[in-house]
Amino acid sequence: MSPRQRLVASLTGLAVAVLAGVFCFLSWDRANQVAGIVSALVGVVALGTGVLALISGRDGAVRVANTGPATAVGVGSQANTGLAAQGSVHGGVEVDGTAEARAENGGHANTGYDQL
């Protein structure tokens, strides 16, 4: 888990703990009102986050550059210094500055884009 993911998980846990504490000190009717408002706000935030993720800057292109050498030895072995992917890649592929890929004794070598 990345530091950013840990932070989000920690803040989420803290928010749940705070809400649980608040609900402990409220009457059932008041807790129901607060829960309704919190649910509405969380729903709007979740919707906004989803829309933001859809329209954010990542175009889906894959870029591979400045890789090291690779050697495949033997039948069925693979040396890949570029990109090997199942099906097509949304947004295109850019492969630049890949190193030598060698195949010996029936291996397969790829220095560019290998669509499997």
Those residues of the stretch 79-116 which are of a type in the set (Gly, Ala, Ser), surrounded by fewer than 16 Cβ atoms within 10 Å (Cβ to Cβ) and assigned to a strand (DSSP E or B) amount to ALA84, ALA85
Just give me the residues in the stretch 22-35 being surrounded by 10 or more Cβ atoms within 10 Å (Cβ to Cβ) and part of a helix (DSSP H, G or I), in sequence order. VAL22, PHE23, ARG30, ALA31, ASN32, GLN33, VAL34, ALA35
Examine the stretch 48-61 for a residue that is closer than 19 Å to GLY112 by Cβ and assigned to a strand (DSSP E or B), and state whether such a residue exists. no
Here the qualifying pairs (Cβ atoms under 9 Å; residues six or more apart or on different chains; first in the stretch 1-22 and touching a residue at least 12 places away in the same chain (Cβ under 8 Å); second among the small types (Gly, Ala, Ser) and in a helix (DSSP H, G or I)) come out as LEU19/ALA35; VAL22/ALA31
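Each value in this text was obtained by applying a stated rule to the coordinates, not by laboratory testing. What you see is a predicted model, and the numbers here were worked out from it, not measured in a lab. Glycine also receives a Cβ, built like all others from the backbone with ideal geometry; neighbour counts cover every protein chain displayed.
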